Amino acid sequence: MTADTLLERITDYANRPDPYPLYAELREAGPVVRQADGSYLVGTYHAITTLLHDPRISADPRSRPAAPSGLSEAVPQPPFLRLDDPEHHRLRTLAMRPFGPPHSPGRIDAMRGQIADITKELLEALRDREQIDIVDDFAYPLPVTVICRLLGVPREDEPLFRRWSDVLVESVDVRPEADTTERDRAGQQARAELGQYLVDLAEQRRGHPSDDMLSAFINEPDPALRLSRDELAETAVLLLIAGHETTVNLITNGVLTLLRHPDQLDRLRCDPDLLPSAVEELLRYEPPLHMRERIPLADIDVAGTSIPKGTSVVLALASGNRDPKRFHDPDRFDPTRPDNQHLGFGGGIHLCYGAPLARIEAQTALGALIPHLSTATLVQDPPPYRQSAMLRGPRHLLLEIQQSA
């Protein structure tokens with residue numbers, strides 16, 4: 001095996017349970033490693049953070065020299081997550097108005113009680129079960145219920161957008177040397193259908209607002225601050241998908257990590273005040289997001305490697321999180337780790353929009369689960385993982401629960 005096959009090996013499903021030895025190999029090979037398909041893989045903390053803050057690096061997939069045949073005319077404007085400033089800043093600012101500071105400073109914090117109630121209801125339904133799937137029974141329904149309430153999406157429609165969500169996540173995964181034409185078409189169709197569904201929901205609230213974000217978007221009184229129809233569709237799709245996909249992995253990876261580290265599980269059980277720090281360590285140690293793709297707008301030099309304009313650059317965020325030149329003893333899970341400036345939420349202008357909500361959900365979920373994990377054992381370790389290498393987490397996490405006599 002050579003360094004130019006690292007991305008192919010990292011994205012190989014066989015390595016999904018433990019990609020970290022490959023990330024170590026990547027860091028040893030250099031901050032930047034050219035791959036056989038012509039892309040560049042970046043794996044060290046400082047090189048990644050430099051590129052995340054470099055305005056010459058684009059998040060917009062349209063920055064490539066040419067789109068795949070037959071797709072260029074059909075590709076709509078991406079959501080603000082995949083745009084560059086100044087358009088990114090404009091749309092992100094408009095999307096933030098009903099979500100958080102400075103215009104809606106209390107919305108997310110006010111949801112703590114709702115999140116706690118939803119968590120309690122989910123656990124109550126599992127009380128007498130001897131086997132549970134943390135994903136399907138808890139880690140998935142919790143953030144889905146939260147984001148549905150936040151946006152104003154009927155919870156009974158979840159099967160619809162789960163199907164669209166699965167296709168969209170698949171369409172943005174990193175796949176070296178693969179023909180993604182059909183995958184891209186399916187992703188565009190799913191995005192269009194989900195966008196139409198969300199715009200239709202918003203239109204039902206025009207002139208009849210309720211306390212949700214779709215109502216706030218569609219009833220914005222200032223014409224200068226309104227999202228266009230396409231902007232509303234893309235923004236709502238992004239919030240719905242991003243609002244639950246990564247949090248599912250964060251909670252599930254958290255449960256798996258704690259069960260693999262019973263000493264730290266006991267520590268958190270005895271000292272719940274460590275939970276916020278533990279969640280930050282989980283975001284470093286087992287992050288839900290492993291990679292981000294970027295495209296240089298000009299020829300750039302990174303750590304002595306020249307990267308041509310328009311080339312795919314894959315930032316291996318999870319590798320940066322385990323970089324020994326940035327974190328002491330990085331392969332050790334330490335809930336009390338100081339100076340934990342991880343890359344779990346990305347960085348730069350695209351720092352995760354929903355990070356405050358994800359933190360509250362993870363802290364609430366794990367805080368409620370920890371007292372019950374002392375009688376839980378893993379049915380399978382490693383568990384079966386999702387296909388995505390970019391959004392990495394177990395597809396199922398079966399636990400046997402020993403019921404007290």
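The values are calculated or read from the model by the stated rules, or taken from the named source; none is laboratory data. Quick caveat, the model's predicted, so the values are computed rather than measured. Please note: Cβ atoms are built from the backbone with ideal geometry, for glycine as well, and neighbour counts cover all protein chains shown. Just so you know, the surface numbers come from the protein's heavy atoms only, side chains and all, with ligands and any DNA or RNA stripped out. Shrake-Rupley method; radii C 1.70, N 1.55, O 1.52, S 1.80 Å.
Tallying residues that are among the small types (Gly, Ala, Ser) and more than 17 Å from the chain's Cα centre (by Cα) within region 124-148 yields 1. Pairs are defined by a Cβ separation below 8 Å, a sequence spacing of at least 6 or placement on different chains, a first member in region 121-138 that is over 12 Å from GLN402 (Cβ atoms), and a second member that is among the polar types (S, T, N, Q) and surrounded by fewer than 13 Cβ atoms within 10 Å (Cβ to Cβ); the pairs so defined are ASP128/GLN403. Restricting LEU151, LEU94 to those that are modelled with pLDDT under 95, under 20 Å from the mean Cα position of the chain (by Cα) and farther than 23 Å from LEU373 by Cα reduces the list to LEU151.
Taking the condition within 26 Å of ARG97 (Cβ to Cβ), basic (Lys, Arg) and crowded, with 22+ Cβ neighbours inside 10 Å, does ARG191 pass? Quick ask: steps written out before the conclusion?
Numbers: within 26 Å of ARG97 (Cβ to Cβ): yes; basic (Lys, Arg): yes; crowded, with 22+ Cβ neighbours inside 10 Å: yes.
For ARG191, the condition - within 26 Å of ARG97 (Cβ to Cβ), basic (Lys, Arg) and crowded, with 22+ Cβ neighbours inside 10 Å - is met.
Could you grab me the full set of residues in region 206-235 that are within 22 Å of ARG107 (Cα to Cα), assigned to a loop (DSSP other than H, G, I, E, B) and open to solvent by 40 Å² or more (accessible area, probe 1.4 Å)? Selection gives ARG206, GLY207, HIS208, PRO209, SER210, ASP211, ASN219, PRO221, ASP222, ARG226. How many of the residues making up region 5-37 are open to solvent by less than 20 Å² (accessible area, probe 1.4 Å) and farther than 12 Å from ALA316 by Cα? Number satisfying all stated conditions: 3. For region 281-304, a residue qualifies if it is open to solvent by 40 Å² or more (accessible area, probe 1.4 Å), of a type outside the set (Lys, Arg) and either under 24 Å from LEU357 (Cα atoms) or part of a strand (DSSP E or B) (or both), and the qualifying residues are GLU293, ASP301. Applying a threshold of 7 Å to beta carbon distances and a minimum spacing of six or more residues, or different chains, the list of pairs starting in region 1-14 at a residue that is under 18 Å from VAL42 (Cα atoms) and ending at one that is open to solvent by 70 Å² or more (accessible area, probe 1.4 Å) and of a type in the set (Lys, Arg) reads ASP4/ARG34; THR11/ARG175. A search for C-beta distances below 6 Å between a residue of region 33-52 that is touching a residue at least 60 places away in the same chain (Cβ under 8 Å) and of a type in the set (A, V, I, L, M) and any residue that is buried (at least 18 other Cβ atoms within 10 Å of the Cβ) and part of a helix (DSSP H, G or I), counting only pairs 6+ apart in sequence or on different chains, returns LEU41/LEU6; LEU41/LEU7; VAL42/ILE48; ILE48/GLY320.
For region 242-263, filtered to residues that are open to solvent by 20 Å² or more (accessible area, probe 1.4 Å) and more than 17 Å from HIS88 (Cβ to Cβ), the residue that is modelled with the lowest pLDDT is THR246.
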